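Reviewing the structure listed below.
The values are calculated or read from the model by the stated rules, or taken from the named source; none is laboratory data. Everything numeric here is computed off the predicted structure, so don't read it as measured data. Glycine also receives a Cβ, built like all others from the backbone with ideal geometry; neighbour counts cover every protein chain displayed. Quick note on the areas: whole protein, heavy atoms, side chains included, nothing else; ligands and nucleic acids left out. Shrake-Rupley method; radii C 1.70, N 1.55, O 1.52, S 1.80 Å.
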Amino acid sequence: WKSLYHNVSTTAPLLRKNLKLLENIASLSRKFPDANWGKIISNAENKSIEALFNGLKKLEGKEGLSHVLADLSVSGNKYLGARYVVDYASGQSDEFISFIKKFEAVDYDDLGKRRYDILIDWNGKPINFELKNWVNWHSSIFKEQFFKDLIKTADINSIKWKFKNTGVISESTLKDYILGSFATRTNGIWKPISELENLINEDVVKKLFP
């Protein structure tokens, strides 16, 4: 509470102008008393605190939100990733939000553990969302997660990847980043890397068919 008081004090001018923000902070801190609210407020820039807490308020009844709050209290990439989860989910329609079943959903199969940022139940159909707020491309992470998704599901539409436009990663660059993770380009021609050829073996191909 001392940490929360200190960080709330630093944003006092903003809070005096926005009673709703103060109410949201108070309500959420009561619902999630173990969250490090002081650190969460510190990590958020003044100009984005209001949007963050409005978003969290929309999502407060959803299972797994405590995991998102834990990441919001960590500086750097953890905060950026969790912030995108909140911004993306809370920015969707009321219907979409009502379909959210869980944040930080974990799936286990023969390939091991696979964690997704959001699991929704869309009229009885489970759909997992993988959200990326990357300022740099991480080829090894993308390949590992993407192949698990490709191999484990008979319906690729049950998994949605969403990338935030961070400037470095944008609509104009994403395709080349993805292709570059699986192939090399020489004279404008893409050739699969040997790692890809080794991964796509007979057993893997069989798993792609129901």
**Study point:** nm² value of the averaged projected area, convex hull over the Cα atoms of segment 82-179
**Key:** 6.7 nm²
**Study point:** Where a label projected 7 Å from the Cα of L174 along Cα→Cβ would reach, residues of segment 61-84 with amide N under 18 Å
**Key:** 81-84
Point to revise | Amide hydrogen neighbours beyond the local backbone of K102, cut-off 5 Å, H modeled | key: L119
Check your understanding: Which residues' amide hydrogens lie under 5 Å from the amide hydrogen of W161, considering only partners 5 or more residues apart or on another chain, with H built in the peptide plane?
Key -> E130
Point to revise | Cα-only Debye scattering, segment 28-103: base-10 log of I(q)/I(0) at q = 0.11, 0.13, 0.17, 0.25 Å⁻¹ | key: -0.24, -0.33, -0.58, -1.28
Point to revise | segment 88-105 - phi-based ³J(HN,Hα) in whole Hz, Karplus 6.51/-1.76/1.60, Gly and Pro as x | key: 5, 5, 6, x, 7, 5, 4, 5, 4, 4, 5, 8, 5, 9, 6, 9, 6, 7
Practice item. Would you mind checking K113/K164; K58/K101; K102/K160; K143/K175 for any pair whose Cα atoms are more than 20 angstrom apart? Key: K113/K164
**Study point:** Whole-number accessible area per residue in Å² for segment 139-178, which is evaluated in the context of all protein chains at 1.4 Å
**Key:** 58 Å²
Review point. Spin-label point model (7 Å from Cα, Cβ direction): what's the D121 to D155 distance in nm?
Key: 1.5 nm
**Study point:** Whole-Å distance, taken between Cα centres, linking segment 94-108 and segment 51-85
**Key:** 14 Å
Check your understanding: Which residues' amide hydrogens lie under 5 Å from the amide hydrogen of A183, considering only partners 5 or more residues apart or on another chain, with H built in the peptide plane?
Key -> I193
